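The next block holds one structure in the form of structure tokens; read it before the comments.
The values are calculated or read from the model by the stated rules, or taken from the named source; none is laboratory data. Keep in mind that this is a model prediction, so the values were computed, not measured. Neighbour counts run over all protein chains shown; Cβ positions are idealised from the backbone, glycine included. Only protein heavy atoms, including side chains, enter the accessible area calculation; ligands, DNA and RNA are left aside. Shrake-Rupley method; radii C 1.70, N 1.55, O 1.52, S 1.80 Å.
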Amino acid sequence: MKITGIRAAAVDGHGEWILIQVLTSTAHTGLGEAFPVNPGCGAAACELVRWAEPFLLGEDPCNVSRIMERLYRHYTNRGAAHSMSLFRAVLAGVEIALWDLAGKALGAPLYKLFGGKFRDRVRLYADCHAGVTNTRVDIHRSAEEQGAYEPGAYANRARQLMAEGFTALKFDLQRLPSSMLDPFNRTLSNAEIRTAAAQLTAVREAAGPDVEIALDIMSAMDVPSAIRLGRALTHLNLLWMEEPVPPENLDALAQVAAQAGVPICTGENLYTLHQFEQLLLRRAAHIIEPDFQKTGLLEGKRIADLAHTHYVPVAPHCVSTPVGTMASVHLAAAIPNFLLLEFHEFDIPWWADLAEGGRSIIRNGGIDVPEAPGLGVELNLAEVRRHTLHGGLEG
Ligand SMILES: [Mg+2]
């Protein structure tokens with residue numbers, strides 16, 4: 001099997017989903033997905049895929065490490081080695097497509113290429129964002145006006161997703177202008193701390209003691225606010241508080257991790273083993289959340305293995321189509337320290353339709369690890385085309 005070409009499509013989904021297709025001299029094609037690092041990056045991502053193409057043509061896709069090493073070395077000074085680089089994410093997507101092909105060439109599900117599986121099923125957590133009301137959504141009124149941030153709405157959302165089988169939930173911290181001390185500093189007001197505590201208390205009361213609850217801060221706080229908020233939530237037994245402060249300063253994060261009284265999770269904005277090594281050595285996180293559509297699977301496995309030596313669990317960040325989600329499922333199956341995988345796409349009703357047979361992918365808050373060769377998922381190209389903004393896939 002030789003690689004004969006590479007295609008990409010940007011799909012209008014959670015941001016612009018970047019789908020990658022590697023063509024070969026056989027009937028097999030490989031599918032991958034890259035995280036859309038920058039707003040409106042779809043056209044640029046499709047162009048970057050063309051820059052990778054000369055390194056793939058004529059290669060045996062089973063030589064994944066060799067192909068990727070050449071790409072990373074050649075483009076080291078053009079974004080391939082950099083965090084937050086669209087090119088690095090695109091290369092992660094290329095790598096996933098090569099693994100899909102390698103699995104198909106060898107007749108093996110992808111997890112077997114990473115040492116086999118620890119589990120048959122990967123448990124998801126539901127990213128809930130905020131609460132839901134029972135009233136019809138009015139697009140002319142804000143979520144705040146419609147009560148989406150009321151504690152009762154948070155409890156509604158928890159009950160709704162538990163009814164679908166989810167046993168782990170995540171909500172976002174909402175900073176509402178009406179209760180902020182200042183629109184630019186990162187300091188929480190007492191009212192904001194009280195509101196977050198009331199929202200999560202309502203979730204805990206609705207969910208009971210055994211459902212896992214996490215809170216995503218999305219880098220919004222300063223160090224003292226993160227410590228104060230964590231301490232105000234300690235009694236709720238949260239699974240984690242995510243990205244409490246911006247991702248660049250690991251010493252600041254380590255201060256929060258030592259003092260907040262709540263496990264800290266971070267990593268969706270880190271791309272490399274070197275970065276995760278520093279995070280772990282400085283004891284700045286209790287749980288890590290690498291995004292394999294940013295790191296790729298080779299680096300993702302190295303990151304997970306390093307975390308394992310620190311007794312740190314891995315809860316991968318994932319906001320992808322069924323392609324990226326299934327790539328994450330295989331790696332989640334193949335690492336001992338997997339905790340939970342994110343599922344975020346409740347607001348995109350055609351998410352499952354992007355894949356052939358996609359409606360059966362998620363069952364009871366989890367995904368069965370596929371046994372078909374490669375990723376074990378193929379795209380419904382008609383549905384992909386319906387939402388394509390830039391580029392295009394063959395077939
Ligand atoms: Mg997050």
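Of everything listed in (1) within 16 Å of the ligand (Cβ to nearest atom); (2) closer than 23 Å to residue 72 by Cα, the single unmet condition for residue 298 is (1). Those strands (runs of 3 or more DSSP E) of the range 114-231 in which 1 or more residues are within 30 Å of residue 364 (Cα to Cα), of a type outside the set (A, V, I, L, M) and open to solvent by 20 Å² or more (accessible area, probe 1.4 Å) occupy 121-129, 212-216.
Residue under question is residue 14, and the condition is that it be more than 19 Å from the chain's Cα centre (by Cα) and either open to solvent by 20 Å² or more (accessible area, probe 1.4 Å) or in contact (Cβ under 8 Å) with a residue 24 or more places away in the chain (or both); does it hold? In short, no. Specify the residue that is surrounded by the most Cβ atoms within 10 Å (Cβ to Cβ); the eligible residues are those in the range 257-272 that are within 15 Å of residue 85 (Cα to Cα) and away from the ligand (no atom under 14 Å from the Cβ). Step by step, filter the range 257-272, then rank; the result is 271.
Is there a residue in the range 59-68 that is at positive phi and touching a residue at least 40 places away in the same chain (Cβ under 8 Å)?
Pass one, the range 59-68, residues at positive phi: none.
No: zero hits.
Quick check on residue 342: is it within 16 Å of the ligand (Cβ to nearest atom), crowded, with 17+ Cβ neighbours inside 10 Å, of a type in the set (D, E, K, R) and modelled with pLDDT of 95 or more? Criteria met by residue 342. Here residue 250 passes the criteria (1) farther than 24 Å from residue 276 by Cα; (2) out of contact with any strand residue (DSSP E or B) (no Cβ under 7 Å at 6 or more places or on another chain) except the one numbered (1).
The set of residues from the range 23-74 being among the small types (Gly, Ala, Ser) and open to solvent by less than 70 Å² (accessible area, probe 1.4 Å) comprises 30, 32, 34, 40, 42, 43, 44, 45, 52, 58, 65.
Here is a list: 327, 304, 334, 352. Which entry is assigned by TED's automatic domain parsing to the domain that holds residue 168, within 12 Å of the chain's Cα centre (by Cα) and either surrounded by fewer than 18 Cβ atoms within 10 Å (Cβ to Cβ) or of a type in the set (A, V, I, L, M, F, W, C) (or both)? Step through it out loud before you land on a result.
Values: 304 fails: within 12 Å of the chain's Cα centre (by Cα); 334 fails: within 12 Å of the chain's Cα centre (by Cα); 352 fails: within 12 Å of the chain's Cα centre (by Cα).
After applying the criteria, what remains is 327.
Is it the case that residue 323 is among the aliphatic types (A, V, I, L, M) and within 16 Å of the ligand (Cβ to nearest atom)? No: the conditions fail for residue 323.
Open to solvent by 50 Å² or more (accessible area, probe 1.4 Å) and either more than 22 Å from the chain's Cα centre (by Cα) or on the phi < 0 side of the Ramachandran plot (or both) - does that describe any residue in the range 78-86?
We begin by selecting, within the range 78-86, every residue open to solvent by 50 Å² or more (accessible area, probe 1.4 Å); these are 78, 82, 84.
From what's left, either more than 22 Å from the chain's Cα centre (by Cα) or on the phi < 0 side of the Ramachandran plot (or both): 78, 82.
Yes, the range 78-86 has at least one match.
Residue pairs, Cβ under 8 Å, 6 or more apart or interchain, first in the range 168-193 and under 29 Å from residue 122 (Cα atoms) and of a type in the set (Lys, Arg), second at pLDDT below 95 and open to solvent by less than 20 Å² (accessible area, probe 1.4 Å). List them. Pairs that qualify, where the first residue is under 29 Å from residue 122 (Cα atoms) and of a type in the set (Lys, Arg) and the partner is at pLDDT below 95 and open to solvent by less than 20 Å² (accessible area, probe 1.4 Å), are 170/128. Among the residues making up the range 96-113, those that are open to solvent by less than 20 Å² (accessible area, probe 1.4 Å) and of a type in the set (A, V, I, L, M) are 96, 97, 98, 101, 102, 108, 110.
May I ask you to list the residues in the range 220-256 that are on the phi > 0 side of the Ramachandran plot and within 16 Å of the ligand (Cβ to nearest atom)?
Going through the range 220-256, the residues on the phi > 0 side of the Ramachandran plot turn out to be 237, 243.
Matches in the range 220-256: 243 only.
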